[in-house]
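Have a look at the structure below before the remarks.
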Amino acid sequence: YVLLGKIKINKGCFVGYGATIEPHVTLEKGSFVRPLKSVSVAHSVHPLPEGRESPKPGRMMPWLAVLQAAVLYYLAGLFVVISVAAGVAIMYNVPSHRSHITLLLPLSLTQGVTGVTIPFVTADLETDYVWWTLLPLVVFLVIPHAYFLSVVLAKHLIVGYAQPGSERRSRNWKTWLYVVLIDCPLFRMATQFTVMSHLTKWQFKLLGCKIGDRAYFCAPFIRDPELVEIGDNCIVAGNVAMLTTSLDEPYANPIRLKNKAIVANTVVLHCGCDVLEESIVGDGVSMPPDKVLTECMVAVRDNSDTLPYIMMKRQSISQVSPATTCSYTYYQVLLILLQLVLVVGTHIPGYLAAGLLLNSVEGALPSEVGTWPFLPVMFLLTMTSKILLIPVFKWAVACKFSPREIHLFGFRYVIWIALEAVLFDADQLFLQSLCGTSFISAWYWLMGAKIGRNVCIMGQSVGCEYDLKHLASGTVVNHASLLFSHSVERG
């Protein structure tokens, strides 16, 4: 069943980053929900901590607020248009024996828009294999990175830099613009397809982050990159947010990760947090503002309402010998090439099949109509072919995952990270639209998971070690749920 229930949030409440409010919950006046906390009718909600006030929205005339939002959205949309125009310019200059613009619009409308008379094209022409091969490279590689470069320019020329201790209200519109820009799917495509590689490190250094040597991270959400310092040999896993500014904090403060610090999956670090040498922030932990995790400590999530996390001393830390420069460089190059082949290259067979399909049906409709009615079929063909190629690569190269330790930075680790990158891409583009269907269960089974009958999976499909996942009959995995059979740590 799908259960529906009312949610009531009264005056002066604050709901933290990534929190979940379940049905039939009423938040009383002044309630405070910690980040990443799930609130149901069985849980109590405490008021705001002493000394902290509920954030108050800035006062602005309604017409001025609408005007400001329109200008900022125009700027954000302008960067998308520029990026797409760069891709269109490349495809326009690709040699072709036909005009592919008729794929999108009827012939009469196309001529009216472009002002160019397009000759009638018969269906016996050969498919442009070069054009259809380059199209996914432009769509999934050139356009996202063109957008990323636009965001970098916007960050340095328009948004600017936040200073430690600067007042949040003085940068409201700049922070809003930057958050909108990095929340665009094109930005995620550009930063997530090379996760845990040197390319991701260089991308965030271009945005302003201070990053040490051999730091591995998974494209975290960062509001002010210039206020984030990541030391040598640090690890930042997926679904991490570094909130250098927050709606409930009046000032911006830096976040620092010292050498060999580790931040696990689904973690929120607030402004002013310091994670010192060889410390670990465990899965699902939300560190409050201005907290310091001292050396060689572990922060573990506390599911009670008493503390946001529990600190424990690391009992032992094994000193793993670092990889040599030659070995590290070799595996970095291999990882980037594999990610490029998997994330972008797996689109090519689907686009070639779509080109063959449209070429074969081109004569079935009048030239005035074009082949645009078949575009939905083309999109379905391109996406399903990619989804079905992922299990093929998994079984051909990665084979079966078993409980074990995978050392950084080796061949098995490279294969695992490459699969994670393509799953990030596939989940965002297609798999999430199929949540709750039998196709997802069948796809889990193709990837090696043990799936019973009547399983409903509404959560994300990331976490490539499907051989270690067992979902019995009648299991329900709800929205925004993550099934991780791995944890990243050092020592």
When residues of segment 125-150 are limited to those that are of a type in the set (S, T, Y) and open to solvent by 20 Å² or more (accessible area, probe 1.4 Å), the one farthest from L340 (Cα to Cα)
Y129
So, of the residues in segment 237-259 that are closer than 21 Å to S197 by Cβ and modelled with pLDDT under 90, which turns out to be most open to solvent (accessible area, probe 1.4 Å)?
N239
Every residue from segment 421-450 that is open to solvent by 30 Å² or more (accessible area, probe 1.4 Å) and more than 21 Å from V2 (Cβ to Cβ)
F424, Q428, L429, A442, W445, L446, K450
Please work out which residue is farthest from F409 (Cα to Cα), limiting yourself to segment 151-185 and to residues that are open to solvent by 30 Å² or more (accessible area, probe 1.4 Å) and hydrophobic (A, V, I, L, M, F, W, C).
W173
Could you please tell me which pairs satisfy a Cβ distance under 9 Å, a separation of 6+ or placement on different chains, a first residue in segment 153-164 that is within 14 Å of V228 (Cβ to Cβ), and a second residue that is part of a loop (DSSP other than H, G, I, E, B) and open to solvent by 70 Å² or more (accessible area, probe 1.4 Å)?
K155/Y161
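The values are calculated or read from the model by the stated rules, or taken from the named source; none is laboratory data. Since this is a predicted model, take the numbers as computed values, not measurements. For neighbour counting, all protein chains shown are included, and Cβ atoms are generated from backbone atoms with ideal geometry for every residue, glycine included. Just so you know, the surface numbers come from the protein's heavy atoms only, side chains and all, with ligands and any DNA or RNA stripped out. Shrake-Rupley method; radii C 1.70, N 1.55, O 1.52, S 1.80 Å.
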